[in-house]
1. Could you please find all residues in segment 1-51 being among the hydroxyl-bearing types (S, T, Y), within 13 Å of ligand 1 (Cβ to nearest atom) and without any contact (Cβ under 8 Å) to a residue 40 or more places away in the chain?
2. Regarding L156, is this residue in contact (Cβ under 8 Å) with a residue 60 or more places away in the chain, closer than 15 Å to I84 by Cβ and either of a type in the set (V, I, T) or not in a helix (DSSP H, G or I) (or both)?
3. Would you confirm, using the coordinates I've provided, whether G38 is closer than 21 Å to E171 by Cβ and assigned to a loop (DSSP other than H, G, I, E, B)?
4. Among (1) part of a helix (DSSP H, G or I); (2) within 16 Å of ligand 1 (Cβ to nearest atom), there is one condition L114 misses while meeting the rest; what is its number?
5. Checking the structure you have, find out if any residue of segment 55-69 is at pLDDT below 95 and in contact with a His (Cβ under 8 Å, 6 or more places away or on another chain).
6. Considering only residues of segment 164-178 that are outside any loop (DSSP other than H, G, I, E, B) and modelled with pLDDT of 95 or more, which is farthest from ligand 2 (Cβ to nearest atom)?
7. In segment 54-85, what residues are on the phi < 0 side of the Ramachandran plot and free of Cβ contacts under 8 Å to residues at least 24 places away in the same chain?
8. Among A129, A174, A139, which is the only one that is of a type outside the set (S, T, Y) and closer than 30 Å to G63 by Cα?
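The values are calculated or read from the model by the stated rules, or taken from the named source; none is laboratory data. Predicted model, so just to flag it, every value in this text is computed and none were measured. Please note: Cβ atoms are built from the backbone with ideal geometry, for glycine as well, and neighbour counts cover all protein chains shown.
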Amino acid sequence: MIEFSNVSKVYPNGVVGLDDVNLTIEQGEFVGIIGLSGAGKSTLLRTINRMHDITSGTLTVDGQEVKNLKGKQLRKFRRNIGMIFQSFNLVTRTTVIRNVLMAKVPEMPFWRVLLGIFKKEDKLNALEALDKVGILDKAYIRADQLSGGQQQRVALARTLAQNPKIILADEPVAALDPVTAKQVMSDFKKINQEMNITILINIHHVELALAYADRIIGIRAGKIVYDGPSADVTEDV
Ligand code: ADP
Ligand code: ADP
């Protein structure tokens with residue numbers, strides 16, 4: 001599903017983001033990527049949907065070589081990949097359901113979202129996504145009235161409404177309190193198990209990664225320094 005073959009990424013200022021990474025991730029895996037700040041976790045995720053270009057090596061996602069994708073192909077490719085950030089990136093002054101429907105903006109004019117003109121099937125799809133993450137009852141509430149954990153669930157529902165094959169989550173629980181962080185991690189787990197979506201989560205919180213991910217990848221200075229089942233990880237990784 002995702003294959004890094006001797007991939008390196010050097011930023012224009014000379015900083016090495018990834019250093020000769022070799023990695024294969026299968027469809028349906030739930031991978032926790034751990035490492036200190038600056039280790040290269042974000043860089044790794046951002047090469048997958050080509051928010052960042054790689055400098056050398058080969059990166060293949062869903063059978064396509066990422067660096068060859070252009071224009072319409074690239075947009076279509078990106079629609080199959082959901083992205084979740086630490087700061088939920090919602091339009092906080094509008095309702096939860098309109099936020100979820102933003103997932104449709106690439107195919108639908110933005111003014112239709114603003115005016116609330118949606119296809120019935122899109123609306124049902126959005127409500128279904130909200131149900132999946134347990135906040136269906138919040139559909140018509142303004143996003144800024146929700147707690148952090150609920151807002152991250154809205155972001156997750158918005159991603160699900162895109163019907164992605166892969167979800168890349170960059171420190172999705174870093175801004176949440178420990179109890180809420182666990183709840184959001186179990187939402188990711190549920191989505192992974194029930195929908196067979198491949199999930200890669202950057203997480204500096206090792207215990208959370210071990211508790212929820214099936215596979216742990218450790219990264220340091222752009223190199224993969226650990227890769228194995230979370231059950232095999234000892235405390236001192
Ligand atoms: P992490 O997500 O593990 O904190 P990053 O992937 O963000 O690590 O960063 C890896 C290294 O690349 C760091 O040294 C960081 O400062 C550097 N870096 C990240 N993004 C850029 C950029 N756009 N330009 C230059 N250097 C960058
Ligand atoms: P985040 O955790 O959301 O990635 P960061 O503070 O790591 O936020 O980075 C914010 C932006 O700055 C990102 O686009 C990242 O690629 C870029 N960036 C990070 N480190 C550097 C750096 N050393 N030089 C230039 N840009 C950087």
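1. Hit for segment 1-51 is Y11, nothing else.
2. Considered against the rule, which asks whether it is in contact (Cβ under 8 Å) with a residue 60 or more places away in the chain, closer than 15 Å to I84 by Cβ and either of a type in the set (V, I, T) or not in a helix (DSSP H, G or I) (or both), L156 comes out as no.
3. Judged against the criteria, G38 is a match.
4. (2)
5. Checked segment 55-69: no residue is at pLDDT below 95 and in contact with a His (Cβ under 8 Å, 6 or more places away or on another chain).
6. The extreme case among them is I166.
7. Hits for segment 54-85 are Q64, E65, V66, K67, N68, L69, K70, K72, Q73, K76.
8. A129
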